[in-house]
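Participant: Shown below is the structure under consideration.
The values are calculated or read from the model by the stated rules, or taken from the named source; none is laboratory data. The structure displayed is predicted, hence computed values, not measured ones. Neighbour counts are summed over all protein chains in view; Cβ atoms, including those assigned to glycine, are modelled from backbone coordinates with ideal geometry. SASA here: full protein model, heavy atoms, side chains in, ligands and nucleic acids out. Shrake-Rupley method; radii C 1.70, N 1.55, O 1.52, S 1.80 Å.
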Amino acid sequence: MPVPFCPEATAVIPASGPVYAPQHDTGLLADALRREPFRPGTTVLDVGCGGGTLALRAARAGARVTAVDRTAAAVRATRAGAARAGLPVEVLRGDLFTPVAGRRFDLILSNPPYVPAPAPVPPRGPAVAWDAGPDGRDILDRLCDGAPGMLRPGGVLLLVHSALCGADRTLARLARAGLRAEITDRRTVPFGPVMAGRRRWLERRGLVAAGQDAEELVVVRAR
Ligand SMILES: C[S@@+](CC[C@H](N)C(=O)[O-])C[C@H]1O[C@@H](n2cnc3c(N)ncnc32)[C@H](O)[C@@H]1O
């Protein structure tokens with residue numbers, strides 16, 4: 001029996017528990033990833049790997065990939081996907097950069113939780129994959145602050161999120177942390193059920209206009 005794990009999708013990873021299904025944000029970041037050059041031995045860190053779509057893509061392109069996620073189900077799913085594909089991906093469980101403290105990478109990827117939510121970041125449950133505090137920045141800001149210390153010289157950070165949580169704030173935060181950042185990709189996508197179900201609250205907070213039913217996703221590239 002498949003386990004429904006995300007209101008935006010119906011794909012499942014049986015017997016693995018709740019894992020985020022690849023969505024528009026995954027696809028937009030995958031497009032940006034495709035443009036990055038991979039030399040033999042390029043090291044990649046995927047923070048918040050979910051089911052492992054991006055980590056496996058990087059590994060297929062020849063990178064040495066480490067994937068991190070907070071949830072056991074995501075770790076299991078990514079390990080299983082890597083094993084099925086015969087790809088040597090290191091998969092670690094933990095909070096953002098904690099499991100790889102002291103290491104540095106050529107490329108850091110992240111499609112983090114970024115949906116503004118009335119409640120604080122949840123400790124467990126499917127919403128761990130998308131809820132990110134009142135302005136959607138609880139995880140994003142921590143990523144922006146921590147990424148420079150995790151990059152090798154010349155390294156690159158690729159980050160995707162909704163413009164609702166402030167692309168300019170991401171650029172400014174990364175600049176303060178010492179990185180040169182720009183928006184490289186944009187795509188407008190219809191609200192999924194999570195955003196649609198929260199529309200009134202988002203309107204009251206001034207994060208969306210009355211009647212708005214789509215949001216812009218952005219990829220930020222920083223080095
Ligand atoms: C939007 S999903 C992205 C999944 C996958 N990378 C993709 O693009 O399809 C965000 C992922 O981040 C994980 N996550 C949330 N908070 C985290 C944290 N503090 N540390 C590590 N992973 C986290 C969630 O469990 C979830 O798998």
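Participant: Residues that are in a loop (DSSP other than H, G, I, E, B), within 18 Å of D138 (Cβ to Cβ) and either more than 9 Å from the ligand (Cβ to nearest atom) or among the hydroxyl-bearing types (S, T, Y) (or both): does the stretch 104-114 have at least one? Explain how you work it out, then say what you get.
Facilitator: Our first condition is that a residue be in a loop (DSSP other than H, G, I, E, B); within the stretch 104-114, this holds for 104, 111-114.
Going one step further and asking which of them are within 18 Å of D138 (Cβ to Cβ), we end up with 111-114.
Within this subset, residues satisfying the condition of being either more than 9 Å from the ligand (Cβ to nearest atom) or among the hydroxyl-bearing types (S, T, Y) (or both) are 114.
Checked the stretch 104-114: at least one residue is in a loop (DSSP other than H, G, I, E, B), within 18 Å of D138 (Cβ to Cβ) and either more than 9 Å from the ligand (Cβ to nearest atom) or among the hydroxyl-bearing types (S, T, Y) (or both).
Participant: Could you tell me whether any residue of the stretch 174-190 is at pLDDT 95 or above, of a type in the set (A, V, I, L, M, F, W, C), open to solvent by less than 40 Å² (accessible area, probe 1.4 Å) and more than 25 Å from D69 (Cα to Cα)?
Facilitator: yes
Participant: In this structure, is D95 outside any strand (DSSP E or B), surrounded by fewer than 24 Cβ atoms within 10 Å (Cβ to Cβ), in contact with a Lys or Arg (Cβ under 7 Å, 6 or more places away or on another chain) and not aliphatic (A, V, I, L, M)? Before the answer, list the steps.
Facilitator: On the way: outside any strand (DSSP E or B): yes; surrounded by fewer than 24 Cβ atoms within 10 Å (Cβ to Cβ): yes; in contact with a Lys or Arg (Cβ under 7 Å, 6 or more places away or on another chain): yes; not aliphatic (A, V, I, L, M): yes.
The answer is yes for D95.
Participant: Still on this structure, please answer the following. What pairs can you find where one residue is in the stretch 190-213 and within 13 Å of D135 (Cα to Cα), the other is part of a loop (DSSP other than H, G, I, E, B), and their Cβ atoms are less than 6 Å apart, with a gap of 6+ or different chains?
Facilitator: W201/P118; L202/V208; E203/A210; L207/P116
Participant: Would the stretch 107-125 turn up any residue that is at pLDDT 95 or above, farther than 29 Å from A63 by Cβ and within 16 Å of the chain's Cα centre (by Cα)?
Facilitator: yes
Participant: So, one more: When the residues of the stretch 132-154 are filtered to those that are small (G, A, S) and under 16 Å from T98 (Cβ atoms), which remaining residue is most open to solvent (accessible area, probe 1.4 Å)?
Facilitator: Of the residues in the stretch 132-154, the ones small (G, A, S) are 132-133, 136, 146-147, 149, 154.
Next, from what is left, pick out any that are under 16 Å from T98 (Cβ atoms): 146-147, 149.
Values: G146: 24, A147: 0, G149: 41 Å².
Here the answer is G149.
Participant: Let me ask you something else. Just to verify a result, which residue in the stretch 24-60, among those that are part of a loop (DSSP other than H, G, I, E, B) and at pLDDT 95 or above, is most open to solvent (accessible area, probe 1.4 Å)?
Facilitator: Filtering the stretch 24-60 for residues part of a loop (DSSP other than H, G, I, E, B) gives 35-42, 48-52.
The next check asks that each one be at pLDDT 95 or above; those that pass are 35-36, 42, 48-52.
Numbers: R35: 138, E36: 24, T42: 7, G48: 34, C49: 11, G50: 11, G51: 23, G52: 1 Å².
Among them, the one singled out is R35.
Participant: Provide a single number: the residues in the stretch 115-130 that are closer than 22 Å to G52 by Cα, more than 8 Å from the ligand (Cβ to nearest atom) and either open to solvent by 20 Å² or more (accessible area, probe 1.4 Å) or not in a strand (DSSP E or B) (or both).
Facilitator: Here the count works out to 6.
Participant: Let me ask another. Might you let me know whether the stretch 74-81 holds any residue that is assigned to a helix (DSSP H, G or I), under 30 Å from A214 (Cβ atoms), more than 10 Å from the ligand (Cβ to nearest atom) and open to solvent by 10 Å² or more (accessible area, probe 1.4 Å)?
Facilitator: Among the residues of the stretch 74-81, not one is assigned to a helix (DSSP H, G or I), under 30 Å from A214 (Cβ atoms), more than 10 Å from the ligand (Cβ to nearest atom) and open to solvent by 10 Å² or more (accessible area, probe 1.4 Å), which makes the answer no.
Participant: Which of the residues spanning the stretch 65-83 are under 14 Å from T53 (Cα atoms) and in contact with a helix residue (DSSP H, G or I) (Cβ under 9 Å, 6 or more places away or on another chain)?
Facilitator: V65, T66, A67, V68, D69, A74, T78, G81, A82
Participant: Which helices (runs of 4 or more DSSP H) sit wholly inside the stretch 146-218 and have at least 3 residues that are hydroxyl-bearing (S, T, Y) and within 19 Å of T26 (Cβ to Cβ)? Before the answer, list the steps.
Facilitator: Values: elements: 167-176, 193-197, 199-204.
Ranges flagged: none.
Participant: Within the stretch 166-196, can you find the residues that are hydrophobic (A, V, I, L, M, F, W, C) and more than 18 Å from the chain's Cα centre (by Cα)?
Facilitator: The initial filter retains those residues of the stretch 166-196 that are hydrophobic (A, V, I, L, M, F, W, C), namely 167, 171-172, 174-175, 177, 179, 181, 183, 189, 191, 194-196.
Answer for the stretch 166-196, where residues must be hydrophobic (A, V, I, L, M, F, W, C) and more than 18 Å from the chain's Cα centre (by Cα): A172, A175, A177, L179, A196.
Participant: So, one more: The conditions are (1) more than 9 Å from the ligand (Cβ to nearest atom); (2) open to solvent by 10 Å² or more (accessible area, probe 1.4 Å); (3) closer than 18 Å to R152 by Cβ, and V89 fails exactly one of them. Which is it?
Facilitator: Condition not satisfied by V89: (3).
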